[in-house]
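Step one of this worksheet: look at the structure below.
The values are calculated or read from the model by the stated rules, or taken from the named source; none is laboratory data. What you are looking at is a predicted structure, and each value in this text was computed from that prediction instead of being measured. Cβ: placed from backbone, ideal geometry, glycine included. Neighbour counts: every protein chain shown.
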Ligand SMILES: O=P(O)(O)OC[C@@H](O)[C@@H](O)c1c[nH]c2ccccc12
């Protein structure tokens, strides 16, 4: 099968080159300095985890390469409000258009509708994209260890820190985890989905979580559909969940969040 991550890397680097040609580093920095102030993403997760035992990062996701169209009735600001009303701690918003039908405007408009911190969910290959994320209003970026080498990962994390943003470091196997633990970020996400094959299993979380030191804030990503799934990863050390599809498929997103987290 074709390697999706490889394909994404190719068009994303080309897209970024086009954007950089139109807007220099200095210009994108000026935009980032003028952006809405950072909302503490990690701090919010810690607060909500301390209060409830588990925090939710709720994802706004219209489509994906593995599932196709997930939600036809797609209104990012309305979804953001519904997630906030349900009790989500933070939002994750896809901005990649080619594979996920996301858009930068989804992030801008959804974030403006709520007071929650927001993760820009995209494929980052250049610190310029981190500054761009801040210019859009993002409070946290994603660093996918399967997509970047150690030098680039460190550069992305450093750029995020320069803008007071958090960085969620995503891993899928032991080698990626060991590389992630060398980075100066407390937020580690174990992606239960293999980005090359799309296989999803919570066994991945159970196997890898044992190797994550207690002082890291561990996020369980992908393939969480029920309260039982949430309990299963919580018992293996998850402090937060990152959930997209199972919430996006519900008409009533607010009660879907309450059911998943057993919020009253
Ligand atoms: O829709 P799910 O199975 O609940 O998964 C959400 C999130 O983990 C997933 O969208 C994701 C995790 N890592 C990514 C990297 C890029 C794009 C998407 C992702």
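Any residue at all in the range 161-168 that's more than 14 Å from residue 32 (Cα to Cα) and away from the ligand (no atom under 15 Å from the Cβ)? Looking for residues that are more than 14 Å from residue 32 (Cα to Cα) and away from the ligand (no atom under 15 Å from the Cβ), one finds at least one in the range 161-168, hence yes.
Count of the range 232-252 residues, restricted to those that are within 9 Å of the ligand (Cβ to nearest atom) and not in a loop (DSSP other than H, G, I, E, B), is 7. The single condition among (1) surrounded by fewer than 18 Cβ atoms within 10 Å (Cβ to Cβ); (2) under 17 Å from the mean Cα position of the chain (by Cα); (3) within 16 Å of the ligand (Cβ to nearest atom) that residue 196 does not satisfy is (2).
For beta carbons closer than 8 Å, sequence separation of 6+ or different chains, a first residue in the range 50-65 that is modelled with pLDDT under 95 and a second that is in a helix (DSSP H, G or I) and within 11 Å of the ligand (Cβ to nearest atom), the qualifying pairs are 65/4. When 206, 159, 214 are checked against the criterion of being free of Cβ contacts under 8 Å to residues at least 60 places away in the same chain, more than 13 Å from the chain's Cα centre (by Cα) and within 20 Å of residue 140 (Cβ to Cβ), a single residue qualifies: 159.
Considering the conditions (1) out of contact with any helix residue (DSSP H, G or I) (no Cβ under 8 Å at 6 or more places or on another chain); (2) crowded, with 16+ Cβ neighbours inside 10 Å, residue 21 is excluded by exactly one of them, (2).
When residues in the range 66-82 are screened for being free of Cβ contacts under 8 Å to residues at least 60 places away in the same chain and touching a helix residue (DSSP H, G or I) at 6+ places or on another chain (Cβ under 6 Å), 3 of them pass. Across the range 125-149, the number of residues qualifying as without any contact (Cβ under 8 Å) to a residue 60 or more places away in the chain and either in contact with a helix residue (DSSP H, G or I) (Cβ under 6 Å, 6 or more places away or on another chain) or under 15 Å from residue 58 (Cα atoms) (or both) comes to 7.
Among the conditions (1) part of a loop (DSSP other than H, G, I, E, B); (2) surrounded by fewer than 24 Cβ atoms within 10 Å (Cβ to Cβ), residue 128 misses just one, which is (1). Among the residues that make up the range 27-49, is at least one of them within 24 Å of residue 189 (Cβ to Cβ), within 16 Å of the ligand (Cβ to nearest atom) and in contact with a helix residue (DSSP H, G or I) (Cβ under 9 Å, 6 or more places away or on another chain)? Looking for residues that are within 24 Å of residue 189 (Cβ to Cβ), within 16 Å of the ligand (Cβ to nearest atom) and in contact with a helix residue (DSSP H, G or I) (Cβ under 9 Å, 6 or more places away or on another chain), one finds none in the range 27-49, hence no. Considering only residues that are within 13 Å of the ligand (Cβ to nearest atom), assigned to a loop (DSSP other than H, G, I, E, B) and either modelled with pLDDT under 95 or in contact with a strand residue (DSSP E or B) (Cβ under 8 Å, 6 or more places away or on another chain) (or both), which ones fall in the range 89-106? Once the filter is applied, which keeps residues that are within 13 Å of the ligand (Cβ to nearest atom), assigned to a loop (DSSP other than H, G, I, E, B) and either modelled with pLDDT under 95 or in contact with a strand residue (DSSP E or B) (Cβ under 8 Å, 6 or more places away or on another chain) (or both), the range 89-106 yields 95, 96, 99, 100, 101, 102.
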